[in-house]
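These notes are about the structure you will find just below.
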Amino acid sequence: MTKLQVAIDLLTTEAALDLAAKVSPYVDIIELGTPLIKAEGLKVITAMKSAHPDKLVFADLKTADTGALEAEMAFNAGADLVTVMGAVDDSTIKGAVEAAKKAGKKVVVDTIGVKDRVQRAKEVTAFGVAFVELHAGLDEQAQPGYNVQKLIGEGREAQVPFSIAGGVNLDTIKDVVAAGAAVAVAGGAIYGAQDPAAAAKALKEAITA
């Protein structure tokens, strides 16, 4: 079954923990966004894992170099999953995967900036990553004509384990699930909602329906 991941793009540990406490009954993976980790440091990873030891904690490092080192740092802080950018040299991804193997953790490749996401998804899956995040960042989503259906179609085409991030909400979640996504990533649809817990619950129910 498709897992639900909440992307916490807030800027303080306190706010992140508050949101996670509200939505944790309905999500499988708690993602700490890149701005949050940059603002608060690795300690936010440790704090989140301590508060929710039963959830997978996803450190969205978006690593572009020193893959093994940054992955090891995140894993030591308590992360279960870390991201490496798909546009980087293969050696960076492979280094992170090696660190993950040693730690008993996993690596996810983020495809922001990748021109041919389908081809790259196939390539990096062969390196042993957990799944590939077919991802349109906030800047890309803000462009005229953006539609998450393109990512969903690429997921179907790639035929590898994948997640969808960039416009997942109640209107699109069923298409994400139908495409066979391992993970559906919801950010603004949850943290931007008037009632984040209710929003997360509705998304989870849509997945399991």
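Go through segment 144-195 and tell me which helices (runs of 4 or more DSSP H), entirely inside it, have 1 or more residues that are open to solvent by 30 Å² or more (accessible area, probe 1.4 Å) and among the β-branched types (V, I, T).
173-178
With the structure loaded, tell me whether A199 is within 16 Å of V6 (Cα to Cα), part of a loop (DSSP other than H, G, I, E, B), open to solvent by less than 30 Å² (accessible area, probe 1.4 Å) and small (G, A, S) or whether it fails that test.
no
Looking at segment 17-48, which of its residues are hydrophobic (A, V, I, L, M, F, W, C), closer than 19 Å to V185 by Cα and open to solvent by 50 Å² or more (accessible area, probe 1.4 Å)?
Passing the criteria: L17, A21.
Checking the conditions here, which among E14, E72 is part of a helix (DSSP H, G or I), over 16 Å from the mean Cα position of the chain (by Cα), surrounded by 18 or more Cβ atoms within 10 Å (Cβ to Cβ) and among the acidic types (D, E)?
E72
The values are calculated or read from the model by the stated rules, or taken from the named source; none is laboratory data. Note that the structure is predicted; figures quoted are calculated from it, not measured. Cβ: placed from backbone, ideal geometry, glycine included. Neighbour counts: every protein chain shown. For accessibility, only protein heavy atoms count, side chains too; no ligands or nucleic acids. Shrake-Rupley method; radii C 1.70, N 1.55, O 1.52, S 1.80 Å.
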